[in-house]
Amino acid sequence: MLSEAQVTQFNTQGYLVIEDVFPSSVINAVKVEYADLLDRLYAGWEAEGRVPPASGFWEKLSAAYRAGCDWFQPMDISLPGDEIAHDCPMHFGPAIFDLVVHDALLDRIEALIGPEITSNPIQHVRIKPPSPQLAAGEIRAHITQTDWHQDRAVGLEEADQTTMVTAWVAITDATAENGCLQVVPGIDAGLLPHCPQVQTSIAPKHLDETKAVPLPVRSGGVVLFHPLVPHASLANHSDQFRWSFDLRYNVTGQNTGREHFPSFVARSRSAPDTELRDWRGWRDAWFAARDRLATTPHIPIHRWASDAPYCA
């Protein structure tokens with residue numbers, strides 16, 4: 001659980017860094033699951049003549065990125081925010097599910113939002129190459145550094161009153177050199193205006209970035225964010241990839257901010273029989289959502305207008 005001092009820090013400063021949340025067995029299982037996935041993807045690209053022979057997870061990631069082969073969406077634990085096709089790839093497996101519902105993480109979440117916890121569908125894998133490897137003009141937040149934003153701002157406004165926590169899970173060590181997160185502490189300013197800039201980000205002149213604090217955390221550790229705390233990532237100036245997951249949790253029954261994507265009950269003290277305990281149910285809910293959304297009008301996930309006065 002969390003100490004009273006940790007809960008107070010979260011509720012005033014908007015963040016917590018907690019080391020050693022996950023045992024190495026959980027992290028290693030995720031690595032194995034994703035290595036198997038990449039092996040299958042890479043074999044297909046190699047058979048098509050798109051990539052050269054390569055060995056090992058990181059070498060294959062690098063070669064695939066150089067060749068323009070997209071490994072992000074096939075590895076992501078979400079549908080994209082743009083148009084959705086029936087064959088849009090995603091990844092849902094037992095190892096990543098075990099990480100999402102791990103008791104050690106949910107214990108911390110419960111200390112902040114209570115015992116009725118829903119796994120929110122705003123969730124992503126982040127595997128970020130070293131900056132020198134990035135293609136010119138690379139702007140995707142899951143690949144390059146992330147602009148300053150608040151997590152409240154990337155959900156739809158129907159969830160502006162939802163009690164929510166983001167858990168940023170480090171699969172590899174996150175350091176200032178390889179692009180760890182940074183935060184401007186405090187939540188008293190409320191929801192700041194955002195603009196569709198390089199990414200959806202806090203409008204110019206609305207944040208004092210000189211107050212930024214870096215948040216290094218080791219593999220297996222977690223950074224917890226209040227939805228109103230401004231945060232961003234640093235650039236990856238190392239020669240290695242930096243790997244994390246963004247997971248989000250909210251009080252069950254409240255709006256997720258992306259209701260057209262599937263959520264599930266991760267923990268319920270009042271009705272434990274409602275908890276999802278089989279990863280295949282998680283997978284099937286996303287596949288069903290994909291089939292439904294592929295045949296219905298697109299639902300935009302961004303609510304900020306570029307022509308707003310504060311974006312000038």
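The values are calculated or read from the model by the stated rules, or taken from the named source; none is laboratory data. Quick caveat: nothing in here was measured; it's all calculated off a predicted structure. Every residue, glycine among them, receives a Cβ derived from its backbone with ideal geometry; neighbour counts consider all protein chains shown. Heavy atoms of the whole protein, side chains included, go into the accessibility calculation; ligands, DNA and RNA do not. Shrake-Rupley method; radii C 1.70, N 1.55, O 1.52, S 1.80 Å.
Highest GNM mean-square fluctuation among Lys211, Lys128, Lys31, for the chain modelled with Cα contacts below 10 Å: Lys211. Pair-distance distribution P(r) for the range 142-251, from all Cα-Cα distances in 5 Å bins starting at 0: 2, 12, 23, 25, 20, 13, 5, 1, 0 percent. How many percent of the accessible area of the chain is carbon or sulfur, using a 1.4 Å probe? Roughly 52 percent, rounded to a whole number. When the alpha-carbon atoms of the range 77-192 are used, the pair Rg, Dmax equals 16.1, 46 angstrom.
Over the range 50-134, the alpha carbon radius of gyration divided by the compact-protein estimate 2.2 N^0.38 Å works out to 1.40. Distance in nm between label sites at Leu191 and Arg280, each 7 Å beyond Cα in the beta-carbon direction? Using points 7 Å along Cα→Cβ, the separation is 4.0 nm. With each label modelled as a point 7 angstrom along the Cα→C-beta vector, the His237-Tyr310 pair spans 3.1 nm. The mean sequence distance of close C-alpha pairs (under 8 Å, at least 6 residues apart), as a share of the length of the range 206-288, puts its relative contact order at 13 percent. In summary, the range 71-110 shows an alpha-carbon radius of gyration equal to 1.49 times the 2.2 N^0.38 Å reference for compact globular proteins. Relative contact order, whole percent, for the chain stands at 28, derived from Cα pairs under 8 Å and 6 or more residues apart. So what is log10(I(q)/I(0)) for the range 27-98 at q = 0.15, 0.27 1/Å, when the Debye sum runs over its Cα atoms only? With no solvent term, the Cα-only Debye profile gives -0.53, -1.25. Accessible surface area normalised per residue over the chain is 43 Å², counting heavy atoms of protein chains with a 1.4 Å rolling probe. Counting 0.36 nm for each residue step from Gln133 to Asp70 and taking away their Cα separation leaves a gain of 21.2 nm.
One quarter of the convex hull surface built on the alpha carbon atoms of the range 193-312 amounts to 11.5 nm², the projected area averaged over directions. When the Cα positions of Gly14, Ser244, Phe92 are compared along the charge dipole of the chain, Ser244 comes out farthest toward the positive end, with charges on each C-beta of Lys, Arg, Asp and Glu. The simple spin-label model puts a point 7 Å past each Cα toward its Cβ; for His302 and Arg40 those points are separated by 3.2 nm.
Computed over the chain, the percent of Cα pairs more than 25 Å apart is 50. By the Cα gyration tensor, the range 134-176 has an equivalent ellipsoid whose semi-axes, rounded to whole angstrom, run 25, 17, 8 from largest to smallest.
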